[in-house]
Amino acid sequence: MVIEEGSPGPSKPAGDKFPRQREKKDKQQDKKQDKQQDKQQACEGFSIRAMMKNSVVRGPPPAGSVKERPAKRTAFRKFYDRGDFPIAVQHDCVGNKIAWKVEIENLDYHYFLPLFFDGLCETEFPYEFFARQGCHDMLEHGGNKILPVVPQLIIPIKNALNLRNRQILCTTLKIIQHLVVSAEMVGEALVPYYRQILPVLSIFKHMNVQILPVSFFNNWYYEFYIL
């Protein structure tokens, strides 16, 4: 805006008659607000200080329900280091396998199967590999020997799930799936123990809902619509 010489300047609004006084008032209000913020003290909820003025209640701490728990030394590791298992690693072009020194059908399932399930808490090689593959091999060749051992497998399964480790959770769930289809009446035998197995799974049921890509669901919907 260009003002010509000799012409009066732009008219000021009515509120700007006393700009210095307004600035002083604004500064005083800012100082009061700063003092009030400085006086605010953080306190815990449901306490006497929480009812006082200028007190800020702290939020609740994180529950840590999804946080991983530290793993303890398992009995499987102890027995493996001592050489009590009749197993060895068989290196193949497809992948590693377990070379059993004894026929699996002749093993004492009441003794060995709970130990292999106890090794599901392991995450290091070779303990994790032997425990996982050993469970699958024994469940594949167990037959009628598996059903009487189900009550002994609940505590190892619960301990593995309680670690909240994603890798251990996925491995344990695959083992449970194999356990259910390994013999007849095994699924019914697990029903009384749902209270020990399901609470941990209910914590993670809303995590990683969409694991597969969107294109998979689009193709599935297209095929379903055509059918």
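The values are calculated or read from the model by the stated rules, or taken from the named source; none is laboratory data. Worth saying up front: this structure is predicted, and the values here are computed from it rather than measured. Reconstructed Cβ throughout: ideal geometry from the backbone, glycine too, with neighbour counts over all protein chains shown. Quick note on the areas: whole protein, heavy atoms, side chains included, nothing else; ligands and nucleic acids left out. Shrake-Rupley method; radii C 1.70, N 1.55, O 1.52, S 1.80 Å.
Figures for the structure shown
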item: Listed residue pairs exceeding 28 Å between alpha carbons, taken from 101/158; 101/174; 145/205; 78/205; 145/174; 97/158; result: 101/158; 145/205; 78/205
item: Under-5 Å amide H pairs with residue 55, H placed in peptide plane, nonlocal only; result: 41
item: Cleavage-rule hits (trypsin sites (Lys or Arg not before Pro)) in segment 109-218: DSSP loop, at most 15 neighbouring Cβ within 10 angstrom; result: 205
item: Exposure of residue 207 as accessible area (Å², to 10), given a probe of 1.4 Å and all protein chains; result: 70
item: Amide H within-cut-off set for residue 98, under 5 Å, with H built and near neighbours excluded; result: 90
